[in-house]
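Participant: Handing you a structure now.
The values are calculated or read from the model by the stated rules, or taken from the named source; none is laboratory data. Computed from a prediction, not measured in an experiment: that's the story for all the values here. Methodologically, a virtual Cβ is constructed for each residue, glycine included, from the backbone with ideal geometry; neighbour enumeration extends over all protein chains shown.
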Amino acid sequence: MTISGNQKLISTIESPLEDFEPMPEGDKQRRNLSYATEALRLWFEQTSDVYVSGNLFIRYEENGVEKRIAPDIFVVFGTSKEDRVSYTVWEEEGKAPDFVLEITSKGTVAKDREENPLIYEALGIKEYFQYDPTGEYLKPASLQGVRLENGKYVALASSTLTDGTLSLHSEVLGLDLHLFPDLSFRFYDPISNQILRSHAEAEHARFQAELERSFEQQARLEAEAIVEQERNEKLKERQEKERLAAYLRSMGINPDEI
């Protein structure tokens, strides 16, 4: 197996061996985990060689005691989309994920800030982001990111938009990560200027669009009916005038002289 990074360092870091999938702590963590995974899957849905997963074990050392870690969300470019029980690096031609996002909680903050960066850096994961939806555990900002440069993680600079939104750019994804003043989080495409949606949000948007189209169609039909009614009334009025004029002429009366 060939992976970039410090193999010796990876071997010294203990990883849990329990056969369970780690779960996020609390509703905010769970909602954001679901959003981030779904939004990225939808975004890369038409790209055949991008694998997006979340809360899934990455098994990264085959020799000796198996080492594994389960990021909240990760993205791998240049591999298949097929479902996996776990992502096994040595079965993926040594390809580690390119992007990782951890949703920090009280129980994971120390691990997310101290242990995980060592593993991700050694594995050669290009970008590592952390997001704290509560604003309690990740300081000084609830959204932070690092990028791998010359084998070491370097903190990413953030920018603040006019509405107070904190923005960090992911070169790997080609997307911005936005932290809004209320501490909610969304992925953002700077090219199309659109926020990435989850499945539920996309379905809601589609339903709203269909509803608006239905209202517009109904309004158009009603407007056309009104125009048609006015046209028929004018036609009826003209026909009645013509019949009256014909009747007066039959009586020897010139209607134009009345």
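Participant: So which of 201, 224 ends up being out of contact with any strand residue (DSSP E or B) (no Cβ under 6 Å at 6 or more places or on another chain), surrounded by 12 or more Cβ atoms within 10 Å (Cβ to Cβ) and not basic (Lys, Arg)?
Facilitator: 201
Participant: Sort out which residues of the stretch 60-90 are touching a residue at least 40 places away in the same chain (Cβ under 8 Å), under 20 Å from the mean Cα position of the chain (by Cα) and surrounded by fewer than 20 Cβ atoms within 10 Å (Cβ to Cβ), and write them in order of number.
Facilitator: 77
Participant: All but one of (1) under 30 Å from residue 73 (Cβ atoms); (2) surrounded by 10 or more Cβ atoms within 10 Å (Cβ to Cβ) hold for residue 244, so report the exception by its number.
Facilitator: Evaluating residue 244 over (1) under 30 Å from residue 73 (Cβ atoms); (2) surrounded by 10 or more Cβ atoms within 10 Å (Cβ to Cβ) leaves (1) as the failure.
Participant: Filter the stretch 140-188 for residues that are closer than 21 Å to residue 76 by Cβ, surrounded by 14 or more Cβ atoms within 10 Å (Cβ to Cβ) and among the charged types (D, E, K, R); which is nearest to the chain's Cα centre (by Cα)?
Facilitator: Out of the qualifying residues, it is 176.
Participant: If you don't mind, there's one more thing I want to ask. Hand me the list of strands (runs of 3 or more DSSP E) wholly inside the stretch 103-186 holding 2 or more residues that are among the charged types (D, E, K, R).
Facilitator: Ranges flagged: 143-149.
Participant: Same structure, new question: From the residues in the stretch 92-116 that are of a type in the set (Asp, Glu) and within 18 Å of residue 52 (Cβ to Cβ), which one is surrounded by the fewest Cβ atoms within 10 Å (Cβ to Cβ)? Talk me through it step by step, then tell me what you get.
Facilitator: From the stretch 92-116, those of a type in the set (Asp, Glu) are 92-93, 98, 102, 112, 114-115; that's our starting set.
With within 18 Å of residue 52 (Cβ to Cβ) added as a condition, the list becomes 92, 98, 102.
Working: 92: 20, 98: 22, 102: 24.
The selected residue is 92.
Participant: Just to be sure I understand, how many residues within the stretch 46-90 are assigned to a strand (DSSP E or B), more than 26 Å from residue 131 (Cβ to Cβ) and of a type outside the set (Asp, Glu)?
Facilitator: 1
Participant: Residue check, residue 252 against (1) exposed (fewer than 10 other Cβ atoms within 10 Å of the Cβ); (2) assigned to a helix (DSSP H, G or I); (3) of a type outside the set (A, V, I, L, M, F, W, C), all met but one. Which one?
Facilitator: Among (1) exposed (fewer than 10 other Cβ atoms within 10 Å of the Cβ); (2) assigned to a helix (DSSP H, G or I); (3) of a type outside the set (A, V, I, L, M, F, W, C), the lone unmet condition for residue 252 is (2).
Participant: Now for a different question. Just to be sure before I move on: is residue 114 modelled with pLDDT of 95 or more and of a type in the set (Asp, Glu) in the structure I sent?
Facilitator: no
Participant: Return the total of residues in the stretch 92-112 being in contact with a helix residue (DSSP H, G or I) (Cβ under 8 Å, 6 or more places away or on another chain) and free of Cβ contacts under 8 Å to residues at least 24 places away in the same chain.
Facilitator: 1
Participant: Taking the stretch 26-59 on its own, how many of its residues are surrounded by fewer than 19 Cβ atoms within 10 Å (Cβ to Cβ) and among the small types (Gly, Ala, Ser)?
Facilitator: 3
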